[in-house]
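The values are calculated or read from the model by the stated rules, or taken from the named source; none is laboratory data. Here the structure is a predicted model, which means the values were calculated and not measured. We place every Cβ from the backbone using ideal geometry, glycine too, and count neighbours over all the protein chains shown. Just the protein is used for accessible areas: all its heavy atoms, side chains included, with ligands, DNA and RNA removed. Shrake-Rupley method; radii C 1.70, N 1.55, O 1.52, S 1.80 Å.
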Amino acid sequence: MDCPVEEAQIRRVLEPFTHVQRLQFDLPARTLAIVAPAGDWPVLTEAITKAGFQAEALSAPPSAAETARAQRVEMLRLGAALGVALAAELMHLLGDHTATWQIAGMAVAALAIALSGLAVFRKGVAALLRGQLNINALMSVAVIGAFAIGQWPEAAMVMALYSLAELIEARSVERARNAIAGLLALSPPQAEVRQADGRWLTQDAAAVAVGATVRVKPGERLALDGRVTAGQSAVDQSPVTGESIPVDKAAGDEVYAGTINQGGALEFEVTHAATDTVLARIIHAVEEAQGQRAPMQRFVDKFAAVYTPAVFAIALAVAVLPPLLLGWAWLDAIYKALVLLVIACPCALVISTPVTIVSGLSAAARRGILIKGGVHLEQARRLRVVAMDKTGTLTEGRPRLVAHGLLPGATPEALEIARSLAARSDHPVSRAIAAGLDAGELAVDGFAAEMGRGVQGRIAGQAHVLGNHRWIHERGQCTPELEALMQQHEQQGRTLSVLAGEGGALAWFAVADTVKPSSREAVAALQAMGVRTVMLTGDNEATARAIAQQVGITEVRAQLLPEDKQRAVAELGTGGEPVAMVGDGVNDSPSLAAAAVGFSMGAAGTDIAKEAADALVMNDDLRRVPETIRLSRKTHAVLWQNIALALGIKAVFFVLAVLGSATMWMAVFADMGASLLVVFNGLRLLRGVK
């Protein structure tokens, strides 16, 4: 089993078995993983064997080295077959026409066919016995027919070239399928682990337990996922998240296997086993996606199922009708019919879609976009509306101090007082103020938090509060000027806190969830592509409008519960326009599931396996959404280019064959040339899009 045509054949054979839960094909390794009850295995194996394949149960999938070794052996065998076929051709051209010489030439040709085509004959005969016409059946009939009418040199050369081209094609497909699996090599096999006595010892990454402390030096790749416990450094996360700029890491930050430590040494606590790192889960997600069949692929398979018998019928008509009606020589008519069979093999047509889809999925994964199947990659090009959550999607998802100022009569010491109070609170607004102020800390006595109001304490014997608008108003310390200032900031979606002492308000602090730098660019890109953008958020109307204005969104729906977001997605799609939803949290799951394509942000963390989303954006960069749509559109264009190439080349040579201007040599080059053209055209997608 080494091409999508045979994959489709095996799928059809196993379709009647309802207990089969999943099929996962690995064509380069020639393996098939079947998820089914153990009791069904003998029946499944028998069905595959009857289809002309040799089925062998494996305890584990073959390694990449074993697969490469097997391909080298096969390449040598087919190279030998090609040499023997060339010898048969030379014997036919240069030898005399005595019976002995002819028999010797036929024997050499038969040896070339045996070396290169036994598997093709086995599968072809099995297909014919079941009443099916696939590429192996067509090639078997063509080669046997050519041999029978005395064209044995061409029969040998055609079979050798066909089998050799099939192997080249399989290796090209392997490049697409394994494009993302190359990430595994980015994760080093060993890690430097701290032992119980404090020594550092190099161990196999697979044997390192969760909770162990690992050290990574500057310039080294991380072998495992973890949380930094010591050191500071910049880490290149592009292999995992697609980010082009290194990210600063310090104690408490997450780090991922396969990323590169560029600065100082880091120590981190291992949070996931080697088989469960973000990198491993990326590869698993792409493998799962590659196992799904896209709509275009299903269409092409159905087309090929009709196309192949139709071509066989035309070839049969060419072989029989012209001699009876037009007086053609029987051998000439049969030869033309055999040429038609070789030209019309549907391999190029059938292989054009999976290579293109897999290349698109791999290109997306390299950019930090995990798409859960070809169906979602195809669907993305149809999107006309993109609905977006606010917090964590358009914004950073964590409050920051964006503005502050002293009120009349206050001294710079007020900032130290504010930071001292804020630093003792675990409220997100207080933490943002403490982190944003570049001021010293003072001793605080009698610290207390007032639920829904703020915090208070005594500093240098004076009572102070750091509170919200309501508390300052209740204290009677909200002057008209301060009231106007607070309303001005609140209209921009900011949360205002005020530091006040016994004599009045001293300073104000505006905290807001800031917009991601990429959000405005992403929204502009979507709108330039003709995609309507809508914000769906549970936040209040004023905050939502303020953020929407910053990023360029005009349509806002605020104060929505999760079920409201789900209904909004359904409403946006009532006109028949496919709707995408972009979100980052559990509360977005219903709307992600309801959308034609759901994009989950922040997938590099624990949410990588979010079931509701159809695509996972690894680095929180909203620009990946328009990039996915562009990739989908380019994939669709390449799919139709491949179909046009496959059918166009065949149509030209089909006419030449009917007119008597095409030989079997030309036929095999037309067929396999078309196959390799569509494969290489599909592989262009690995470069991605901008």
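Working carefully through the options Thr259, Thr356, find the one that is over 30 Å from Gly226 (Cβ atoms), modelled with pLDDT of 75 or more and among the polar types (S, T, N, Q).
That would be Thr356, the only listed residue that is over 30 Å from Gly226 (Cβ atoms), modelled with pLDDT of 75 or more and among the polar types (S, T, N, Q).
Which members of region 622-661 meet the condition of being among the charged types (D, E, K, R) and over 30 Å from Leu316 (Cα atoms)?
Of everything in region 622-661, those that are among the charged types (D, E, K, R) and over 30 Å from Leu316 (Cα atoms) turn out to be Arg623, Arg624, Glu627, Arg630, Arg633, Lys634.
Filter region 371-401 for residues that are in a loop (DSSP other than H, G, I, E, B) and in contact with a helix residue (DSSP H, G or I) (Cβ under 7 Å, 6 or more places away or on another chain) and give the result.
Listed by number, the residues that qualify are Lys372, Gly373, Leu383, Asp389.
Looking at region 94-128, which of its residues are open to solvent by 50 Å² or more (accessible area, probe 1.4 Å) and either touching a residue at least 12 places away in the same chain (Cβ under 8 Å) or closer than 24 Å to Val73 by Cβ (or both)?
Selection gives Met106, Leu111, Leu115, Leu118, Arg122, Val125, Leu128.
Consider region 8-23. How many of its residues are assigned to a loop (DSSP other than H, G, I, E, B) and under 26 Å from the mean Cα position of the chain (by Cα)?
2
Considering only residues that are open to solvent by 50 Å² or more (accessible area, probe 1.4 Å) and within 25 Å of Leu383 (Cβ to Cβ), look in region 497-520 and name the one that is modelled with the lowest pLDDT.
Start the filter on region 497-520 by keeping residues that are open to solvent by 50 Å² or more (accessible area, probe 1.4 Å), which leaves 502-503, 517, 520.
With within 25 Å of Leu383 (Cβ to Cβ) added as a condition, the list becomes 517, 520.
On the way: Pro517: 85, Arg520: 94.
The selected residue is Pro517.
Report yes if some residue within region 348-368 is of a type in the set (S, T, N, Q), touching a residue at least 60 places away in the same chain (Cβ under 8 Å), under 30 Å from Leu572 (Cα atoms) and surrounded by 21 or more Cβ atoms within 10 Å (Cβ to Cβ); otherwise report no.
no
Just to check your reading of the model, which residue among Val84, Val73, Val141 is open to solvent by 60 Å² or more (accessible area, probe 1.4 Å) and assigned to a helix (DSSP H, G or I)?
Val73
Residues of region 400-430 being in contact with a strand residue (DSSP E or B) (Cβ under 8 Å, 6 or more places away or on another chain) and open to solvent by 50 Å² or more (accessible area, probe 1.4 Å), which ones?
Restricting attention to region 400-430, the residues satisfying the condition of being in contact with a strand residue (DSSP E or B) (Cβ under 8 Å, 6 or more places away or on another chain) are 400-407, 409-410, 412, 414-415, 417-418, 420-422, 424-425, 427-430.
Of everything in region 400-430, those that are in contact with a strand residue (DSSP E or B) (Cβ under 8 Å, 6 or more places away or on another chain) and open to solvent by 50 Å² or more (accessible area, probe 1.4 Å) turn out to be Arg400, Val402, His404, Leu406, Gly409, Pro412, Arg424, His427, Pro428.
Just one of Ala644, Ala674, Ala651 is part of a helix (DSSP H, G or I), modelled with pLDDT of 80 or more and open to solvent by less than 10 Å² (accessible area, probe 1.4 Å); which is it?
Result: Ala674 is the single residue among Ala644, Ala674, Ala651 that is part of a helix (DSSP H, G or I), modelled with pLDDT of 80 or more and open to solvent by less than 10 Å² (accessible area, probe 1.4 Å).
Can we say Arg171 is open to solvent by 40 Å² or more (accessible area, probe 1.4 Å), farther than 30 Å from His97 by Cα, assigned to a helix (DSSP H, G or I) and modelled with pLDDT of 75 or more?
Against the criterion (open to solvent by 40 Å² or more (accessible area, probe 1.4 Å), farther than 30 Å from His97 by Cα, assigned to a helix (DSSP H, G or I) and modelled with pLDDT of 75 or more), Arg171 does not qualify.
Determine which member of the set Leu466, Leu482 is farther than 14 Å from Ala418 by Cα and either surrounded by 12 or more Cβ atoms within 10 Å (Cβ to Cβ) or of a type in the set (Ser, Thr, Tyr) (or both). Step through it out loud before you land on a result.
Values: Leu466 fails: farther than 14 Å from Ala418 by Cα.
Answer to the selection: Leu482.
Using beta carbons and a limit of 6 Å, which pairs, at least six apart or on different chains, have the first residue in region 653-669 and under 10 Å from Leu340 (Cβ atoms) and the second one among the small types (Gly, Ala, Ser) and part of a helix (DSSP H, G or I)?
That search, which allows pairs on different chains as well, returns Phe653/Ala670.
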